[in-house]
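The values are calculated or read from the model by the stated rules, or taken from the named source; none is laboratory data. All values reported here derive from a predicted model rather than from experimental measurement. Quick reminder, even Gly has a Cβ in these numbers, built from the backbone with ideal geometry, and neighbours come from all protein chains shown. All accessible areas refer to the heavy atoms of the entire protein, side chains included, with ligands and DNA or RNA removed. Shrake-Rupley method; radii C 1.70, N 1.55, O 1.52, S 1.80 Å.
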Amino acid sequence: MQLLKNKSGLLAILSLAFAFSVKAQDEATRTMLVDISYHMPANRVPYLKVTAKEKVGRNFIPLKDIIGKVYINEEAESSLLEDIRTDSKGESRIFIPAAFKTVWDASGSHQFIVVTEAGEEFESVQSEVEVTKAKIEIDTVYENGVRNIIVKVSEQQSGEWQPAGDVEVKIAIQRLLGNLPVGEEDIYTTDEEGTVSVEFTRDSLPGDEEGNYVIVAWTEDHEQFGNVFAEKTVNWGVAQEPQDFSSRRSLWATGTQAPVWLLGLAFSIIGGVWGTLIYLFIQIVQIRKLGKTAD
Amino acid sequence: MIWTGILILFCLIGLFAYYRQLRYGLVVTHMGDYASWGIYISNFVFFVAISLVGSLVTAIFRLGNIHWSTPLTRIAEIIAVSAILFASFIIVVDMGRPERLVNLFIYGRIQSPIMWDVIVISTYLVISLLLLYLPLLPDLKILNDQKEKGRGWWSRIYVLFGGFWKSNARQERINQKAVLILSILIIPVAFCIHTVTSWLFATTYRPGWDSTNFGAYFVSGAFLVGAGAVVIAMYVFRKVYHLERYITETHFDKMGKVLVLLALIYLYFNVNEYLVPAFKMKKTEEVHLVTLFAGDFAPMFWFSLLAGLIIPAVIMLFKQGRKPLPMFILGIMVVVGAWFKRYLIVTPTLLHPFLPMEDSPERFKHYFPSWEEWAIAIGSLAGVLLIITFFVRIFPIIPIQETIAEQDATPEK
């Protein structure tokens, strides 16, 4: 009995301790996850994307209006690229300012650092990414009736472009609402020469009016190169006849191409009603004349 | 004078707000990418609706040989004319750049309901003006005959508009024929005007507007609000100008019965409009309906339905409810409820598009009019009342000649 009493007391103390522990967890500062990534679009200026989110249960919730600073190579005022504030998606994008061209050109690899401001809800968070400059080139080869896409990935080392082997690359055809993989695989890996060759078998794809479409290749969140993107227009598609909707008389055409039946109907009604109104105006004139004659 | 002064003040504030809108652009309003039609278009639909009463009282009752409504015809017509005039103004206000109105005529598409609306509104305005003017001609002669009794400079207006009226047989015959033609002509045009206005909404694929019921729903609602407005005007003119001999309790009683009929018809279309989508509960319709029934717009929705439709109809079923004062109060409830009803037709649907609202500022997801919008809307309402006020101060609001002829033709009971 004494043992049972002791056990009950122990249980009560443990329950109390657990309750305090849960409360303490609730009151702890929320944790913000900040990430910075590098993006090199085809023929455009590279940019950095900062994302801020919070894990709530099993979901990641984007954090809006998180303020921070992005630096290049070191966290110093002279290396400050730009101040950021995240949008409703918890994102902020910055382009590398032209003032940093000398710094950018000086090395083949750079470190980008983001530091967020501490606030009432979150402590200051720092995140960084180390990026080596890379480029992707797309080439096409037509041999023995077979079309091949050659994708070459190069990285900058000591001011020279060197082949980058063992890099995972995605290769696809750009369509209106997304990308269509060029072959059976989604992802290809470059060889020692930094190249990957894919046989192209999608012969009957519709292209534009001249049969063109765009082949794209990119690295996705690569730990060394980030997100590097390339594209090449090829004339392998089936040419599409342009559909000129505006030249046909229809309800959705321009005003001058209204359907004849609609024009007939509308102008008959308008003519009928306004013809009657004109007749009535003439009657008013007639009444005026009759009044003057009576004088 | 106080009444006129207040109306002019509201109009001036509205004009100042419109100046600000012209000066700074539509940015002074709280409309955005989603709620691109706000209080202006609600007001436009309200004015178009209220103007339909001209065709009901002047034409439908006239052609149906309903003689008791004769003293009310001019009230109905001046309401129709002033309301349709301001419906035209408010649509230009909504455009933001009024000088671009001319593009509608240069590049207009006959396939577009907006083009039909422009055509039918201008036609309805002309017909309503003629229906106001032609029956006024015999009364202008009576007023001209009174000018020696000190009618002031207004007599010049009477001479200008009706100096040629000699009441000879040929003139009267032409006039009666013209009024008859107009009475026939205005009915299809009136149905067109509000059906086309409803098609501005119904021809777009959106929850709350995607309905084949919309034309009839709008027309029935328009007759109700127009009749409500006539009842208010009847009570005010009767009190202010001591017209108890001409606008009698019988008129209120009969207008009450008309209002009950119109309210029941409109209620029937409301049931159709909400029950059928609520039964199917397609996802987008569900979001829209829940917002109306239990969401942000629920107080306004239930007010417009209960206070603007069901409660007035129930009260007017009883004889005591059709007395002048209760009718006046119920008329106000119907008109105010109808205004909110138009707001509910326009705004909630715009805030629930099919595609998710992404990459847009938070303020675009809600809509409440800015002070400029309120000022312009209230100014336009004041403008309608101002036209009516000026009209009744210059011209007789009861058709003198027609009412005398009517009373002579009706045997004394």
For the range B:96-112, does any single residue satisfy the condition of being closer than 18 Å to residue B:188 by Cα, surrounded by 17 or more Cβ atoms within 10 Å (Cβ to Cβ) and without any contact (Cβ under 8 Å) to a residue 40 or more places away in the chain?
no
Mind checking whether some residue in the range B:134-148 is within 11 Å of chain A (Cβ to nearest Cβ), closer than 23 Å to residue B:191 by Cα and surrounded by fewer than 23 Cβ atoms within 10 Å (Cβ to Cβ)?
yes
Would a scan of the range B:353-360 turn up a residue that is of a type in the set (Asp, Glu), open to solvent by 80 Å² or more (accessible area, probe 1.4 Å) and in a helix (DSSP H, G or I)?
no
Residue A:62, sole failed condition from (1) touching a Gly at 6+ places or on another chain (Cβ under 6 Å); (2) closer than 27 Å to residue A:194 by Cα
(2)
Could you please let me know if residue B:165 is out of contact with any Phe, Trp or Tyr (no Cβ under 6 Å at 6 or more places or on another chain), more than 14 Å from chain A (Cβ to nearest Cβ), surrounded by 15 or more Cβ atoms within 10 Å (Cβ to Cβ) and among the aromatic types (Phe, Trp, Tyr)?
no
For the range A:222-255: of the residues being farther than 22 Å from residue A:175 by Cα and under 27 Å from the mean Cα position of the chain (by Cα), which is farthest from the other protein chains (Cβ to nearest Cβ)?
A:224
If residue A:108 satisfies all but one of (1) assigned by TED's automatic domain parsing to the domain that holds residue A:220; (2) within 28 Å of residue A:157 (Cβ to Cβ), what's the number of the condition it fails?
(1)
Scan the range A:59-96 for residues that are hydroxyl-bearing (Ser, Thr, Tyr) and either loosely packed, with under 15 Cβ neighbours inside 10 Å or assigned to a loop (DSSP other than H, G, I, E, B) (or both) and report the count.
3
Of the residues in the range B:174-201, those that are surrounded by fewer than 21 Cβ atoms within 10 Å (Cβ to Cβ), more than 10 Å from chain A (Cβ to nearest Cβ) and more than 16 Å from residue B:119 (Cβ to Cβ) come to B:176, B:180, B:183, B:187
In the range A:273-293, what residues are more than 7 Å from every other protein chain (Cβ to nearest Cβ) and open to solvent by less than 40 Å² (accessible area, probe 1.4 Å)?
A:275, A:284
Number of the exception - residue B:148 against (1) modelled with pLDDT of 85 or more; (2) farther than 30 Å from residue A:258 by Cα:
(1)
Can you find a residue in the range B:153-161 that is within 14 Å of another protein chain (Cβ to nearest Cβ), touching a residue at least 24 places away in the same chain (Cβ under 8 Å), open to solvent by less than 50 Å² (accessible area, probe 1.4 Å) and in a helix (DSSP H, G or I)?
no
Reported set for the range B:124-133 where residues are more than 10 Å from every other protein chain (Cβ to nearest Cβ) and open to solvent by 10 Å² or more (accessible area, probe 1.4 Å) is B:125, B:129, B:132
Out of (1) open to solvent by 50 Å² or more (accessible area, probe 1.4 Å); (2) at pLDDT below 90; (3) touching a helix residue (DSSP H, G or I) at 6+ places or on another chain (Cβ under 8 Å), what's the single condition that is false for residue B:32?
(1)
A careful count of residues in the range B:301-332 that are open to solvent by 50 Å² or more (accessible area, probe 1.4 Å) and among the aliphatic types (A, V, I, L, M) gives 9
Extreme residue, nearest to residue B:327 (Cα to Cα), among residues of the range B:282-300 that are in contact with a His (Cβ under 7 Å, 6 or more places away or on another chain) and open to solvent by 30 Å² or more (accessible area, probe 1.4 Å)
B:287
Cross-chain or 6+ apart pairs with Cβ under 6 Å, the range B:264-281 first and closer than 10 Å to residue B:220 by Cα and touching a residue at least 60 places away in the same chain (Cβ under 8 Å), then open to solvent by 60 Å² or more (accessible area, probe 1.4 Å) and not in a loop (DSSP other than H, G, I, E, B):
none
Flag for residue B:365 being open to solvent by 40 Å² or more (accessible area, probe 1.4 Å), of a type in the set (D, E, K, R) and either more than 18 Å from the chain's Cα centre (by Cα) or more than 14 Å from chain A (Cβ to nearest Cβ) (or both)
yes
For the range A:145-169, enumerate the residues that are open to solvent by less than 60 Å² (accessible area, probe 1.4 Å) and in contact with an Asp or Glu (Cβ under 7 Å, 6 or more places away or on another chain).
A:146, A:148, A:150, A:163, A:164, A:165
Go through the residues of the range B:18-26 one by one and say whether even a single one is in contact (Cβ under 8 Å) with a residue 12 or more places away in the chain, under 23 Å from the mean Cα position of the chain (by Cα) and outside any loop (DSSP other than H, G, I, E, B).
yes
Within the range A:97-106, residues of a type outside the set (Phe, Trp, Tyr) and surrounded by 15 or more Cβ atoms within 10 Å (Cβ to Cβ) come out as A:103
Going by what's in this entry, would residue A:182 be described as in the same structural domain as residue A:222 (by TED's automatic domain parsing), over 22 Å from residue A:44 (Cα atoms) and free of Cβ contacts under 8 Å to residues at least 60 places away in the same chain?
yes
